[in-house]
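Colleague: Here you go, one structure.
The values are calculated or read from the model by the stated rules, or taken from the named source; none is laboratory data. Since the model is a prediction, treat every value here as computed from it, not as a measurement. Methodologically, a virtual Cβ is constructed for each residue, glycine included, from the backbone with ideal geometry; neighbour enumeration extends over all protein chains shown.
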Amino acid sequence: MEARLDLFQSAVAGKAMKYLTAASKAVKESTVPYATLELVKLRASQINGCGYCVDMHSKDALAAGETAQRLLMVAAWREATVFTEAERAALELAEQGTRIADAAGGVSDEAWAAAAKHYDEEQLGALVAAIAIINTFNRFNVMVQQPAGGYQPGMFD
């Protein structure tokens, strides 16, 4: 399988991808735990069917010490006992933020309040940015049918 378009060879798409990558680095520098950010990105990518990002974020999380069990449970996090209440709130925010078109009113007040119990305003800003950015990356990759499986941890650092 080959991508429909090489995003990094396209002048406009390549420039946009560089800006998204820079925005991702700002989020990574936040005080939101790295594991939480990777779980959020993984869940949004699963919902959006982005194989490339599922591959990337599961491998990056494993390389950073995340357990295989927790990564395997992300798709069914509501029934899983392996996530903290803070992680569960972040995953709910990620799901609702990813499914905005499916939900009347977008992110519910309940989901926001649950996240606000565990994260301060700067961290909430970082989570919102992480969710928005991963959804954008997902859309790039799904539209061009970016092949999944070849990512190596840290490839874009």
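Colleague: Show the residue pairs meeting these rules: Cβ distance below 7 Å; 6+ apart or different chains; first residue within segment 130-148 and closer than 16 Å to residue 58 by Cβ; second residue in a loop (DSSP other than H, G, I, E, B) and modelled with pLDDT of 95 or more.
Modeller: 138/50; 141/50
Colleague: Here is a follow-up. Would you kindly identify the helices (runs of 4 or more DSSP H) lying entirely within segment 1-107 that contain at least 2 residues that are of a type in the set (Lys, Arg), closer than 21 Å to residue 142 by Cβ and under 12 Å from the mean Cα position of the chain (by Cα)?
Modeller: Values: elements: 11-28, 34-48, 51-63, 68-73, 85-98.
Once the helices (runs of 4 or more DSSP H) in segment 1-107 are filtered for at least 2 residues that are of a type in the set (Lys, Arg), closer than 21 Å to residue 142 by Cβ and under 12 Å from the mean Cα position of the chain (by Cα), what remains is 34-48.
Colleague: Just the residues that are of a type in the set (Ser, Thr, Tyr) and buried (at least 24 other Cβ atoms within 10 Å of the Cβ), please, taken from segment 37-59. Steps first, answer last, please.
Modeller: So the first thing to find is which residues in segment 37-59 are of a type in the set (Ser, Thr, Tyr), and the list is 45, 52, 58.
Passing the criteria: only 45.
Colleague: Could you tell me how many of the residues in segment 17-32 are surrounded by 11 or more Cβ atoms within 10 Å (Cβ to Cβ) and in contact (Cβ under 8 Å) with a residue 40 or more places away in the chain?
Modeller: The total comes to 9.
Colleague: What number goes with the only condition from (1) under 17 Å from the mean Cα position of the chain (by Cα); (2) over 24 Å from residue 26 (Cα atoms) that residue 141 does not pass?
Modeller: (2)
Colleague: Return yes when residue 75 is touching a Ser or Thr at 6+ places or on another chain (Cβ under 8 Å), of a type outside the set (Asp, Glu) and farther than 20 Å from residue 155 by Cα and no when it is not.
Modeller: Working: touching a Ser or Thr at 6+ places or on another chain (Cβ under 8 Å): no; of a type outside the set (Asp, Glu): yes; farther than 20 Å from residue 155 by Cα: yes.
No.
Colleague: Scan segment 108-131 residue by residue and report those that are more than 22 Å from residue 25 (Cβ to Cβ) and either hydrophobic (A, V, I, L, M, F, W, C) or in a helix (DSSP H, G or I) (or both).
Modeller: If we filter segment 108-131 for residues that are more than 22 Å from residue 25 (Cβ to Cβ), which is where we start, we get 108-118.
Scanning segment 108-131 gives 109, 110, 111, 112, 113, 114, 115, 116, 117, 118.
Colleague: Can you name every residue in segment 108-147 that is aliphatic (A, V, I, L, M) and either modelled with pLDDT under 95 or touching a Lys or Arg at 6+ places or on another chain (Cβ under 7 Å) (or both)? Before you say what the answer is, go through the steps one by one.
Modeller: So the first thing to find is which residues in segment 108-147 are aliphatic (A, V, I, L, M), and the list is 111, 113-116, 124, 126-134, 142-144.
Passing the criteria: 130, 134, 144.
Colleague: One residue is enough: does segment 17-36 have a residue meeting the conditions at pLDDT 95 or above and at positive phi?
Modeller: No: zero hits.
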